[in-house]
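Structure first, then comments.
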Amino acid sequence: MEKFIVSARKYRPTTFESVVGQGHITTTLKNAIKSNHLAQAFLFCGPRGVGKTTNARILAKTINCTNLTEDTEACDQCESCKAFNNNASFNIHELDAASNNSVDDIRNLVEQVRYAPQSGKYKVYIIDEVHMLSNQAFNAFLKTLEEPPSYAIFILATTEKHKIIPTILSRCQIFDFNRIGVKDIATHLANIALKESIETEAEALHLIAQKADGALRDALSIFDLIVTFAGNKVGYKDVIDNLHILDYDYYFRATDMLLKEDMPNSLLLFDEILRKGFDGHHFIVGLAEHFRNLMVCKDSATVSLLDVADGVRMKYAEQANQANLSFLLTALNLASECDRNFKASKNQRLHVELALMKLASIPAALNLAQHQETEKKKKPLAPRPQASGANPSAQVPTPKSTPAQPAQTQNQAPATPVAPPSVPKPPAPQASPARSQPVQQGGGSMRSTTRLPSLNELRQQAQPTQQPERPATQGATTPETEVADNPNSTSFTPENFDRAWEGFRNEMVKQENMIGLGVMKQPYKLGENGVVKITLSNSLQENFLENFRSELIGFLRKRLGGAQIRIETEVSKEQASSRPYTPRERFNHMAKKQPALAELQKRLGLETEF
C-alpha cells in the first residue's frame with residue numbers, strides 16, 4: 001500500500017514559477033540571481049502558509065544549480081539539484097529557532113560557517129521562526145550576520161517581524177510576503193483536483209479558499225479533509241457540512257425577509273440556525289458581511305471586491321437590486337452595533353433577536369420618511385391672515401385700470417383708503433343711482449361699479465374727532481403704507497396699546513435682555529395725542545431706552561396701525577436713591593449697614609477699584 005502524502009507536501013512548489021500569489025518576491029529573487037546581486041542575509045516575513053520557507057529552499061537550490069535555465073530556474077538535472085531533491089545536500093542547512101534558540105546553538109552555527117563548501121558555490125543557512133531566538137543568541141549572531149564569508153548566505157524566516165531586534169533587521173534584506181488571494185487559492189486547488197482526477201464545484205473551492213484566510217497550506221489541508229469525506233466528488237454541500245459553515249442561502253433568505261418586513265419568519269430562521277449548532281455571534285457577523293457584499297454590488301466599480309464564485313455573485317447582484325442603499329447602510333450599522341455589544345450582553349439570543357426586529361423595521365421607517373418629505377414638498381403655502389377687525393364684506397374691489405384711464409394724480413383717492421389711527425373706519429358708502437357710473441371694460445360690455453369716497457369726504461367725516469392731520473408727501477413712505485401688509489396691526493386704543501407693550505416685553509424675554517425687560521415692567525401712563533409717560537428706576541434703564549427708543553416706537557406703530565407715538569421718560573428719585581446699582585453704591589450701601597466693613601478697609605489699607 002502506497003503511503004499517503006498530504007497535498008501540502010506533495011504539491012509543494014520546487015521552482016519560482018510554481019509559487020502561488022507571491023510574484024513580487026519571486027521576480028526580485030530571480031533578478032538578483034541573474035544579475036549576481038545576492039545579499040549576504042535575507043529576511044522573509046509574513047503570515048503562516050504563504051511560502052516563506054518554500055521560497056527560501058527554492059532560492060538555496062537555484063543559486064547552487066550549475067545549469068540554470070533561461071528563466072533563471074533550477075535545472076533539476078545537475079548533481080546539486082538531485083542532492084537537494086533527495087534531501088542529501090551538504091550545502092543547505094536548516095535550523096529551527098523555536099527549539100534551538102540558545103547562545104550555544106548559534107555558536108555551533110557560527111563554527112560551521114567557517115568551513116567552505118566541498119561542492120557548489122554557496123553554503124545556505126535557513127533559520128525558521130527566527131524571532132524565537134533569545135536576545136543573547138541574537139547578539140552572538142550579529143557579527144557573523146554582518147560580515148559572513150563570501151560563500152555563506154543566511155535566510156531568516158519569521159511570522160512576527162516586530163519581535164526581531166533592530167540590529168538584526170538592519171543587516172538583512174527584508175521581503176514581506178502577502179496573504180494569498182481567494183482567487184489564486186481556488187485556481188491552485190482546481191489544478192490539484194484536475195491532477196488527482198477529482199470532480200469539484202467552483203463554489204466549494206471558493207469556500208475552502210475563504211476558510212483558509214490567505215494561507216495556502218491551510219487550504220490544502222482543508223481540501224484533503226473534504227476529499228477524504230466526500231471521495232472523488234467535492235460539492236458545496238460537502239464543504240458546509242464538514243466545516244460547519246453557515247450556508248450563503250441563510251443570509252439571502254434572512255435579507256429577503258427583512259426587506260419584506262417579515263419579522264416572525266426572520267426570528268424563526270434565527271431559531272433554526274441556533275438549533276443546527278451555530279453561534280449567534282457567528283450569524284450576526286456573517287449577516288453584516290452579507291450586507292457589505294450587497295453594498296459592494298451596488299456599484300460596478302466595486303464589484304471586484306467581492307471574492308465569491310460567479311454563480312454566487314449573480315445572486316448577490318440580483319438581491320442588491322432589490323435593496324436600496326439607505327436600507328443597506330442602516331442595516332450594516334445596526335449589525336455592526338450588535339456585533340460590538342454581543343459579548344457584553346447577558347441574554348445574547350435576545351440581543352440578536354432585537355437586532356433582527358430593528359432590521360425588519362427599516363423599510364417602514366424609510367417609507368414613512370420618504371412620504372413625509374413628499375407631503376412637505378406638495379404642501380401649499382399658507383394664506384396670509386387678514387387684519388383683525390376687518391370686515392371682508394366692507395372691502396371694496398379696486399377697479400382694473402385700462403389704457404384709456406388717466407394716470408392717478410396726487411389729489412385722487414388711493415385704491416384702498418385707510419382711516420386715521422384714532423378714528424373708527426367709516427362704513428362703506430351705499431351704491432346709489434346718482435353715484436353709479438357705467439364703466440366700459442375691455443370686452444365692450446358695460447357694468448355698474450360703486451364710486452370710491454374721495455379724500456375730502458373722509459376728512460369731513462373725521463372733523464368731529466379733531467385729530468391732527470399729517471401732510472402726505474407724494475412718493476414718501478407713510479405709517480399707513482408701513483403697516484398695510486402687517487396682519488397683526490390694530491387700531492390705537494388703550495387695550496390694544498397694552499397688548500403691543502406686552503408684545504415688546506416678550507421680545508425682550510426672547511433676547512434675554514434683562515435691562516430691557518426691567519424697563520418694560522416699569523409703570524407707564526398713556527396720554528393724549530399718542531404720548532406715553534414712563535417712570536424709570538435708574539439711569540441704566542434711561543440709557544437703554546434712549547438706545548432702543550426708535551425700535552420700541554417702530555414696534556408699537558406696526559402693532560397699532562401706524563399711530564403717532566411719543567415716549568417721555570422720568571427717573572424716580574426715590575427708587576434711584578434707595579437701590580444701589582454701581583459698585584461704589586453697593587459698597588457704600590453695605591458699609592452703611594455694617595460699619596465694621598468700612599473700619600476693616602481703613603485698618604488694612606484696602607483700595608477699591610471703582
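Read-outs: derived from the displayed coordinates by stated rules, not from any lab. Quick caveat, the model's predicted, so the values are computed rather than measured. Cβ: placed from backbone, ideal geometry, glycine included. Neighbour counts: every protein chain shown.
What the table shows:
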quantity	calculated
Positive minus negative residues near Glu73 (Lys, Arg vs Asp, Glu; Cβ under 12 Å)	-1
Karplus 3J(HN,Hα) series, Hz, for region 112-122 with 6.51 cos²θ - 1.76 cosθ + 1.60 (x for Gly, Pro)	5, 5, 5, 8, 6, x, 6, 9, x, 9, 10
Nearest-0.05 FRET efficiency for Lys183 and Ala301, computed from C-beta distance (R0 22 Å)	0.75
Cα-projected label distance for Glu146 with Arg48, points at 7 Å along beta-carbon direction, nm	3.5
Amide N proximity, region 499-536 versus Glu570 label position 7 Å along Cα-to-Cβ, cut-off under 20 Å	519-536
³J(HN,Hα), Karplus 6.51/-1.76/1.60, whole Hz, each residue of region 299-315, x for Gly, Pro	10, 5, 6, 10, 5, 5, 6, 8, 9, 9, 5, 5, x, 5, 4, 5, 5
Cut-off under 5 Å, modelled amide H: who pairs with Leu43 long-range	Leu156, Gln173, Ile174, Phe175
Lys123 long-range amide H proximity, modeled H, under 5 Å	Ala152, Ile153
Simple label model, 7 Å out from Cα along Cβ direction - Lys233 to Leu597, nm	10.4
For region 184-364: relative contact order, % (alpha-carbon pairs under 8 angstrom, 6 or more apart)	22
Amide proton proximity set for Leu536, modelled H, under 5 Å, gap of 5+	Glu570, Val571, Ser572
Summed residue charge, Cβ within 12 Å of Ala193's Cβ, Lys/Arg positive, Asp/Glu negative	-2
Karplus 3J(HN,Hα) series, Hz, for region 512-524 with 6.51 cos²θ - 1.76 cosθ + 1.60 (x for Gly, Pro)	6, 9, 5, 5, x, 5, x, 5, 5, 8, 6, x, 9
